[in-house]
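The values are calculated or read from the model by the stated rules, or taken from the named source; none is laboratory data. What you see is a predicted model, and the numbers here were worked out from it, not measured in a lab. Here the Cβ positions follow ideal geometry from the backbone for every residue, glycine too, while neighbour counts run over all protein chains shown. The area values use the complete protein model at the heavy-atom level, side chains included, leaving out ligands, DNA and RNA. Shrake-Rupley method; radii C 1.70, N 1.55, O 1.52, S 1.80 Å.
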Number of protein chains: 4
Amino acid sequence: MKTIGIGLIGTGYMGKCHALAWTGVAATFGETLRPRLVHLAEVNADLAHTKATEFGFARSSGDWRALIADPEVDVVSVTTPNAFHADMAIAALQAGKHVWCEKPMATALADAARMRETARASGRIAVLGYNYIQNPTVRQIEALIAGGAIGTVNHIRIEMDEDFMADAEAPFNWKNEAASGYGALDDFAVHPLSLMTRFLSLPSEVLADMSRPVASRPLADGSRRAVETHDIANVLLRFPGGASGVLTANRAAWGRKGRIFVQIFGSAGTLHFDQERGNEFNLYLAKGDPATQGFRTVLLGPQHAPYDRFIPAPGHGLGFNDLKVIEAHELIRALNGDADARVIDFETGLAIEGCVHAMAKSHADGRWTPTGA
Amino acid sequence: MKTIGIGLIGTGYMGKCHALAWTGVAATFGETLRPRLVHLAEVNADLAHTKATEFGFARSSGDWRALIADPEVDVVSVTTPNAFHADMAIAALQAGKHVWCEKPMATALADAARMRETARASGRIAVLGYNYIQNPTVRQIEALIAGGAIGTVNHIRIEMDEDFMADAEAPFNWKNEAASGYGALDDFAVHPLSLMTRFLSLPSEVLADMSRPVASRPLADGSRRAVETHDIANVLLRFPGGASGVLTANRAAWGRKGRIFVQIFGSAGTLHFDQERGNEFNLYLAKGDPATQGFRTVLLGPQHAPYDRFIPAPGHGLGFNDLKVIEAHELIRALNGDADARVIDFETGLAIEGCVHAMAKSHADGRWTPTGA
Amino acid sequence: MKTIGIGLIGTGYMGKCHALAWTGVAATFGETLRPRLVHLAEVNADLAHTKATEFGFARSSGDWRALIADPEVDVVSVTTPNAFHADMAIAALQAGKHVWCEKPMATALADAARMRETARASGRIAVLGYNYIQNPTVRQIEALIAGGAIGTVNHIRIEMDEDFMADAEAPFNWKNEAASGYGALDDFAVHPLSLMTRFLSLPSEVLADMSRPVASRPLADGSRRAVETHDIANVLLRFPGGASGVLTANRAAWGRKGRIFVQIFGSAGTLHFDQERGNEFNLYLAKGDPATQGFRTVLLGPQHAPYDRFIPAPGHGLGFNDLKVIEAHELIRALNGDADARVIDFETGLAIEGCVHAMAKSHADGRWTPTGA
Amino acid sequence: MKTIGIGLIGTGYMGKCHALAWTGVAATFGETLRPRLVHLAEVNADLAHTKATEFGFARSSGDWRALIADPEVDVVSVTTPNAFHADMAIAALQAGKHVWCEKPMATALADAARMRETARASGRIAVLGYNYIQNPTVRQIEALIAGGAIGTVNHIRIEMDEDFMADAEAPFNWKNEAASGYGALDDFAVHPLSLMTRFLSLPSEVLADMSRPVASRPLADGSRRAVETHDIANVLLRFPGGASGVLTANRAAWGRKGRIFVQIFGSAGTLHFDQERGNEFNLYLAKGDPATQGFRTVLLGPQHAPYDRFIPAPGHGLGFNDLKVIEAHELIRALNGDADARVIDFETGLAIEGCVHAMAKSHADGRWTPTGA
């Protein structure tokens, strides 16, 4: 069995998630290209050492450049804060490594564009960590749409809501500063957009409105500071073929924890699912006896690949971390030269981020804005 | 027991619905002002006679002007097609009758404005048939918002979807002609707007996008004619106090039958409900033990007035027609001079329809448009 | 239009419910046999008078025998406490009236048997108020089973749960005394059994276990008295053809308000529905593409008769009181000699109550007990 | 970091599941006792070799006795068919190894008793693979019950349903032979019973009824053979403190995939959850404003340990295989001498299996049967 050397930069949640994915992918899929955990980098060298042991990496370093220089490393997982993605991914690509970088690519569109250019020039595999598209639910919905089950898609709505910014009395933090970006738009919008690339396409024109559910937040000295980002974004979408859509994102939505509610309307039926109940989806087909037409709730089972690689019995449920294992498997397929590997590469990633920036511009201008997609 | 003489114009579904409401309201609420079914008018005099017997009206007529001239009639229910509302309501008011008119008021805003002026001048009670606001679910949500249960409302989303226009092979009909109006916007948008008047307020600015899920429909001769109205409308909303919102309406949404899904986000919690399961609502309160926080599904019961007037046991369910009985009761309260009767009068009705027309204009202009509200 | 004279005994909730049904049935169904509200009886003559006005009855009386003697009365609605059913129903039948009696027939099986004998001898229509079977949901499920949609039914589970006895600190009341009957078994079990007559058959053998979730309750003097009835009943069922089943009933089930959860398993599919969401049912068909098999949630619409008589649009919802209107309609069909009127007559009613008593006996004996059905 | 040597017998689904658990547990929990994958045994030596590579084991063998003799193995995972459990577990314990054995312990109660005796005598850790109790949902429900949230538990219902035996035309197989055991009872009942040990206790008396939804199945020659086992089991339960319960199990329940629906009724509230939506549970508390009481749906999040060890954000979902990782962690805690490790040892496992056999006996005898628990 051939192996492939893995380097991991970052040991936060996403670092752990990549580590688990690299660890579990061979046992789950019976890979022919088995990951070997070679090198873990983390700015705190002691932490790097501890985590290397926990995660099962052979060696560690406090300097990510040492990892990139490590000749045994073939693929670099970049899981650091967004501001570091560009430098690390570009350096890795230039050193001839493949890259698996968490999304978004970068905070500035220009940096994302540089990443795309470097990837193009390198000839290496460079993909982004869009794990939601790896859900077998999503893959099945894609297949149903592609197979014409709901006819022509004419309308799509995606809501993404969480509540980590809902408490108005939580202290002012960096995510409330204008310097951090737009707010809900850059935290969330890339996910629904990544799903749209699978279900239909990216929108060609957008018109966004952003609002501030929390006007100000307390500072340490007891005074309050006005919130500068927007925790809510509402976006009208127009798609190339004439379909319309709505994307809403709210990171101050009490009670919503990991909600990504997707509704896809077609000329022959409707599909919807919610990531909070990610092991099922709902399908309405406009055919058959009207007395028994209704949305059917389909539970994932072995008939929805690659669920079967995890569990042979239906209805037992995959978890969020399993999606990352599937993502690792798709990356390995890409490394093996599989043309239909389901990955979002830097090309598509850049287009997604272009949409986000177009949304922000449309809000500022109060008018329809082309996305370039 | 005092009685009040009822005249009913129209014998379609809404006519039947008014008849059932007038019949059941006294037994349900023990009204002190008991409706007496006096006169039924319907352009087909034979049908008028048959329906008068079925519905229990004392006499009938093929001429609605005869009904308005009937001195025993105190209140006139107008349930004819929208184009007739203005003439009938205005004539009835001018004859000194109270009016209960189905929504929308009129197809042209100018007609609606004339209705409002006539109502003002008449001193009579003139209300519109917005039955969804009569659901005890809606009343309870209103009370929770007013009582501060979810804090300050900062965001609202309402989706209204049905599928009666979803079949692309259904023949071209009058609702597909531009002359019939905008499409989903005037069929549906007044309902969500009526709910917004209870939960928050009408929006002050709107920006709509409308689309055509069905491009053309077959004619009798086998050829196809382009659809001129829009079966889908997506609208961004801004409310006076800074809250944002989204309204979507789709009359070509396969599988959606009577869906009005409302989500109301506040600084201390979230409320949502769906008219398809109208006997329950969901409430999330951001307080208490985090390990047991979740959306609670509250089933209607006698604690949610006026459910108790229908059924003493909880969880047994009201139906759509019951909402009309409640509406009749609120109208009777208004007739009795009750200032807090929960009705939508011609004043508010006009404001609602002003919003709809502003939405259509915003679509044409591609920019934010004030509603006047 | 022919009319039929109605007498109503009792003005509690069920009295009101019958009154509303008699009032609304003609407008709803366009009956050829139109009810005329003739006489209302209630032991309190003043209350009888007030309610007669509210409900729209022509005259009233403090003596139910006067009502039965009234020659204009053709049908007698009996809605008094259970202990009075036998005397009233028998007297009415003997006076040549048709009878619509609330369930259960009587507290003692011997009284129920006398009612059945009298009904047989009278040649009159004598039916019981089993409204749940009138739900279009139930009728549709019946039709699906009869049409073989789920193959041969081999297993059925029905749970009926409410929480009106759940509060252990509520005072000891008559329903806690042994003299009131068995407890949950007689309060609830007749409903699931009435449904079983439509879906499959009554069970031929039963084995019950009853328990007391609340051991004692407070008396007015501050002391506590042991509860003598059983608020919970769990029953194993065997059906004639070999199918098995379980019936559970709990009137101390916190949070359950009007739950009747029915699961019907067949050789080709499964059906389930819950009365708390009575406008929908769920159907799983074991055919077609495995990737899209799932329980479909079917919302009631005009395709599910007689929903269309209430509302032409789907998904708008019937309420509990509407079921009583349907029941009145079925009774009128029976009066018209319609052999397939969907009513539960005294014959079937007696068999249902025989099952309940067999359950109680099986609990006492700790062994399987034949029901006689 | 100390390590512990792992031996795994069996490479079917449960073998893979154990392998993934042993692989992921250190990275997930940051274990101080890190598993070292030493030896994999599988009767087919070639397959053993392949799987050892895929799963990451250092060496492999076609003879499980070689694995037990391996001095580097400290813990033996037994994941072979049930008939082999007793010999393997006993041999491992006698060789001084700790044992993690899949449930049920054995097909005969006497074998299970021998396993229990050997474990007692060995002083080693011997636990069973009851993974459902490891769900944070279950742990949270346990904590709520223990903390008195729903008062005293007085009634419990558990349904376990799948549909792998639902197709009557599937060929007769070994699970249809009497020699394979009772049917649904031994396939399923141990799971609900394992949950009962956490929520309340094992039942002290049981009364079961078993039925055959599929009477016969096709043989290869086209003839049919009568099914000898029972695919459905319905069981009445009595618990030591007076609570009652019902357990139903159906392995021929079309549409049910991994349903374990649990309802727990208490004097102050109700809890329920369904394993098919295992990342949430429902709680009704009988307190507070009646107008807002309802079942709350609580989504798992980091506040429900050990969810936080997998994902820091709430509502993102664990999967079935994650439960096995938690189980491995609890086993490691037991190995570390942690007295409150949440494991089901051979002692409790034997009591669970005693209940199953008592159920079968109660069916045969048609009377209440003590479980010994």
TODO: Select from the stretch C:31-61 all residues whose loss of accessible area on going from the chain by itself to the full protein assembly reaches 10 Å² or more (probe 1.4 Å).
DONE: C:Arg34, C:Thr53, C:Glu54, C:Phe55, C:Gly56
Task: Inter-chain Cβ neighbour average for residues C:11-23, partner chain, 10 Å - done: 3
Task: Label zone at A:Lys361 (point 7 Å along Cα-to-Cβ), backbone N below 16 Å, the stretch A:193-230 - done: A:203-209
Task: Area accessible to solvent at C:Ser211, 1.4 Å probe radius, in Å² - done: 10
Open item on the list: Please compute, for peptide A:284-292, the average count of beta-carbon atoms on other protein chains lying within 10 Å of each residue's beta-carbon.
Closed with: 6
TODO: Any of A:Lys287/B:Lys16; C:Lys287/D:Lys257; B:Lys51/C:Lys51; A:Lys51/D:Lys51; B:Lys103/B:Lys175; B:Lys16/C:Lys103 with alpha carbons more than 20 Å apart? Name them for me.
DONE: A:Lys287/B:Lys16; B:Lys51/C:Lys51; A:Lys51/D:Lys51; B:Lys16/C:Lys103
Task: Cα-based Rg and Dmax for the stretch B:3-131, where Dmax is the largest Cα-Cα distance (Å) - done: 13.6, 40
- [ ] Return the distance in nm (one decimal) between the two label points of a simple spin-label model at A:Ala143 and C:Ala110, each offset 7 Å from Cα along Cα→Cβ.
- [x] 6.8
- [ ] Evaluate the distance, in nm, between pseudo-label points positioned 7 Å from the Cα of C:Thr53 and of B:Ala215 along their respective Cα→Cβ axes.
- [x] 6.7
TODO: Using the charge dipole of the stretch A:133-370 (Lys, Arg: +1 at Cβ; Asp, Glu: -1 at Cβ; taken about the Cα centre), state which of A:Ala360, A:Ile326, A:Leu207 has its Cα farthest towards the positive end.
DONE: A:Leu207
Open item on the list: Placing unit charges on C-beta atoms (Lys and Arg positive, Asp and Glu negative, everything else neutral), compute the dipole magnitude of the protein assembly as shown about its Cα centre in debye, rounded to 20.
Closed with: 0
Open item on the list: I need the peptides A:238-246, C:16-24 ranked by packing, meaning the mean over residues of other C-beta atoms within 10 angstrom, with the highest value on top.
Closed with: C:16-24, A:238-246
Open item on the list: At 222 nm, what value in deg cm²/dmol follows for chain D if DSSP H runs of at least 4 each add -39500 (n - 2.57) and the sum is divided by all its residues, to the nearest 500?
Closed with: -10500 deg cm²/dmol
- [ ] List the distances, in nm and shortest first, from the label point of A:Ala83 to the matching label points in every other copy, placing each point 7 Å from Cα along the Cα-to-Cβ direction.
- [x] 6.6, 6.6, 8.1
Open item on the list: Of C:Thr229, C:Gln293, C:Ile264, which is farthest towards the positive pole of the stretch C:203-309's charge dipole, taken about the Cα centre with +1 and -1 on the beta-carbons of Lys, Arg and Asp, Glu respectively?
Closed with: C:Thr229
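Cβ neighbours within 10 Å, averaged per peptide: list A:54-64, C:325-335 in order, most packed at the top.
Values: A:54-64: 19.7, C:325-335: 23.7.
With the highest mean Cβ count within 10 Å placed first, the list reads C:325-335, A:54-64.
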Open item on the list: At 7 angstrom along the Cα-to-beta-carbon line, where would the label on B:Phe164 sit relative to the other copies? Give the distances in nm, shortest first.
Closed with: 3.8, 4.5, 4.9
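Would you mind telling me the antiparallel percentage of the DSSP bridges in the stretch D:133-370, rounded to 5?
Approximately 85 percent, going by the DSSP bridge assignments.
Given N residues in chain D, what is its alpha carbon radius of gyration divided by 2.2 N^0.38 Å? List each step's numbers first, then the result.
Details: Rg = 21.2 Å, N = 373, 2.2 N^0.38 = 20.9 Å.
The reported ratio for this selection is 1.01.
Enter the buried accessible area of the C/B pair, total of both sides, probe 1.4 Å, in Å² rounded to the nearest 100.
On the way: alone 15620 and 15600 Å², together 28010 Å².
Heavy-atom accessible area buried at this interface is about 3200 Å².
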Open item on the list: I'd like to know which of D:Asn131, D:Gly148, D:Ala121 lies farthest towards the positive end of the charge dipole of the stretch D:96-149, counting +1 on Cβ of Lys and Arg and -1 on Cβ of Asp and Glu.
Closed with: D:Ala121
TODO: Name the nearest-to-axis residue of chain A, judged by Cβ distance to the rotation axis taking chain A onto chain C, and quote that distance in whole Å.
DONE: A:Arg296, 2
Task: Student exercise, the stretch C:180-255 dipole from Lys, Arg, Asp, Glu Cβ charges, in Debye to nearest 20 - done: 100
Open item on the list: In whole percent, and with a 1.4 Å probe on the protein chains, what portion of the accessible area of the stretch B:181-303 is carbon and sulfur?
Closed with: 49
TODO: Only bridges with both residues in the protein assembly as shown count here: give the DSSP antiparallel percent, nearest 5.
DONE: 60
Open item on the list: What does the copy distance list look like for B:Ala110, label position 7 Å along Cα→Cβ, in nm and ordered from shortest?
Closed with: 5.6, 8.4, 10.0
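Which value, in Å², gives the accessible area per residue of chain D when a 1.4 Å probe is used on the protein heavy atoms?
32
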Open item on the list: Could you work out what % of the accessible surface of the stretch A:3-131 is carbon and sulfur, using a 1.4 angstrom probe and leaving DNA, RNA and ligands out of the count?
Closed with: 53
- [ ] Might you report the magnitude of the Cβ-based charge dipole of chain B about its Cα centre, with Lys and Arg at +1 and Asp and Glu at -1, to the nearest 20 debye?
- [x] 440
- [ ] Ignore the peptide's own chain and count Cβ atoms of other chains within 10 Å of each Cβ in B:359-369; give me the average, rounded.
- [x] 1
Task: Value of Rg to Rh for the protein assembly as shown (Rh from inverse mean 1/r over Cα pairs, i.e. Kirkwood) - done: 0.98
- [ ] Using Cα pairs closer than 8 Å and at least 6 residues apart in sequence, work out the relative contact order for the stretch D:1-109, in percent.
- [x] 28
- [ ] Only Cα pairs under 8 Å and at least 6 apart count here; give the relative contact order of chain B as a rounded whole percent.
- [x] 18
